[in-house]
């Protein structure tokens, strides 16, 4: 729902959580951030501060969604759910990345490229915003992958 396609079929990531509820007659800007909670980073929940690194976290969730084919929150039992981001990090730490990959990714992508993209996603999902890359760094890393695969 947060990825849009323009008229030339280019993906555009839309606003994950920066929409705010503000009354028309409100004179002071006190806002409440609205959005899809599965894309919120834990620092936002702790501090209430939205930063550029919060968007990096959200992008990490999107990368994991694309690699796994799973939704950001999924059922583990009739009464329980699990965060895809946390499940992904656990699998990465256990060196079990390929357990979470969508069959199409396994079939059509080079293992080395998948590992590099997964490493980028893991960096984006770091629980501490200061340890996450910038979106510029993420973009550069992804562009390098594309260029190397075209060579």
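Odds and ends about this structure:
- Restricting attention to the stretch 82-101, the residues that are touching a residue at least 24 places away in the same chain (Cβ under 8 Å) and within 18 Å of residue 59 (Cβ to Cβ) add up to 7.
- All of (1) more than 18 Å from residue 137 (Cβ to Cβ); (2) in contact with a helix residue (DSSP H, G or I) (Cβ under 7 Å, 6 or more places away or on another chain) hold for residue 54 with one exception: (1).
- Filter pass, residue 8 being assigned to a helix (DSSP H, G or I), surrounded by fewer than 13 Cβ atoms within 10 Å (Cβ to Cβ), over 18 Å from the mean Cα position of the chain (by Cα) and modelled with pLDDT of 65 or more: no
- Filter result for residue 129 (at positive phi and at pLDDT below 95): no
- Residue 77 vs. criteria modelled with pLDDT under 85 and out of contact with any strand residue (DSSP E or B) (no Cβ under 9 Å at 6 or more places or on another chain): yes
The values are calculated or read from the model by the stated rules, or taken from the named source; none is laboratory data. Since the structure is predicted, the reported quantities are computational estimates derived from the model, not experimental observations. Methodologically, a virtual Cβ is constructed for each residue, glycine included, from the backbone with ideal geometry; neighbour enumeration extends over all protein chains shown.
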